[in-house]
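This report refers to the structure that appears directly beneath it.
Each reported figure results from applying straightforward, stated rules to the coordinates on display, with no laboratory input. Since this is a predicted model, take the numbers as computed values, not measurements. Cβ placement follows ideal geometry from the backbone for every residue including glycine, while neighbour counts extend to all protein chains displayed.
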Amino acid sequence: MLDLRDNLTLRIGLFIASLAYFSYTFYESTVALLHNTHPGTTTFWVWVTDTTGLLGMGFRTAAGLIAVLTTLFFLVKRDLSKAETLASIRWIVILEALYWFVSLFPSGLWGLTRPVIGGISNTFFIDTTIPCLFESIALPIVLGVLFFQLNEKCLSKGALKWGLIAGTVYIYVFWLNNLCNWVATVIGKGVNYLLLFPQNLPNLFSFIVTSVGLLGLALFATYFTVKTVRKGHMDKIDVKRAGAIIVFFGLYFVVIFELWIFLGSVGGWSSWYAWFLGHDADLWIMALPLAGIPLLLSSSTIKQVKVLSLLAQTSGLLFFIVFLAAYAFALPTNNVLISQMAYRIPLAIFGGLLLILTFVSLAVSTLTKHETTQKPPE
């Protein structure tokens, strides 16, 4: 099993990912506080879902702050004890579970009160009711079980099992969520929004990556989870495959985001772009490859490979700083500034570098996959 204390790039990657998790959630909480939860100015259900959304964001912001402080201790080599680390992770897990239930279950209920007839109600049921009900029930359940399994007695079996299950369910959640948003978009815009060739080819690519690519990753994560759980011990985890899953999960968001940065709203503005760029509270996941790359390259002792990890993390950190600035500097409005060249050009440069270095890391990992097994025992 990989030792966190002996891997600087992993500690850096976890800290950056945690910082992205906290900072972007804090931004979303600020936007919700400034623009939502105003009774008397809108309909009952909008007020309810906006208010519970703000409350849920508060839970996730607290989880993000704990994650930042915990990973910061490891980054500066003031390592927490096992009991302290488990306590921190348990708080993160339960607060994250509360976020999903409190924020999104009311939105799912709202959809059940509307007749599934006609255009608006029909698309609302697809892009809101279905994904919100699934994610607000499935994730709190698996995260709740994981919370109770996170103790020293169950760490190598129960916590491992439910941690992997929770991670796998996350991928299914985002597959269903983004797929439903794409389906609703196509219903509203027509199939030419995908099939008009060659103008709308990027939309078709995005749809395929969402519907097929994310599903394929979820199925592979399911296979990985089942295979690992059968081995029954943390030392049996295939670290490189775990890293690959984390990297590809984060890459999905980076690729979709960079498509818009380079090509704009292909085929015209739509609910897909409005959702992904304006309302997606999980764009912090673009920082996940920075934690996954050190796992991918963990078996290599070559100095240049560690430099590759650091270069990817540097470009990723710069990318996320510019990304967050484009969102946060528009406050107190709820606009985003990514269309302005002062932000768009750096996002194109640093995001492009992150993509290149991530794919290079994947190639290096593939080329060195037999390195560990071929070494003679010491």
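General observations
- Counted by neighbouring Cβ atoms within 10 Å, the residues 176, 146, 354, 194 run from fewest to most as 176, 194, 146, 354.
- The helix-based estimate of mean residue ellipticity at 222 nm for the chain, built from -39,500 (n - 2.57) per DSSP H run of four or more residues and divided by its residue count, is -24000 deg cm²/dmol to the nearest 500.
- Cβ crowding within 10 Å ranks 367, 139, 353 as 367, 353, 139, fewest other Cβ atoms first.
- Other residues whose C-beta falls under 13 angstrom from the C-beta of residue 54 contribute a net charge of -1, scoring Lys and Arg +1 and Asp and Glu -1.
- As a proxy for reagent exposure, ranking 28, 258 by other Cβ atoms within 10 Å from fewest up yields 258, 28.
- Segment residue 348-residue 113, extension gain: residue separation times 0.36 nm, minus the distance between their alpha carbons: 80.3 nm
- Nearest-ten-degree value, helix 8-35 long axis tilted from longest Cα axis of the chain: 20 degrees
- Candidates 91, 269, 162: whichever shows maximal mean-square fluctuation once the chain is modelled as a Gaussian network with Cα springs under 10 Å: 269
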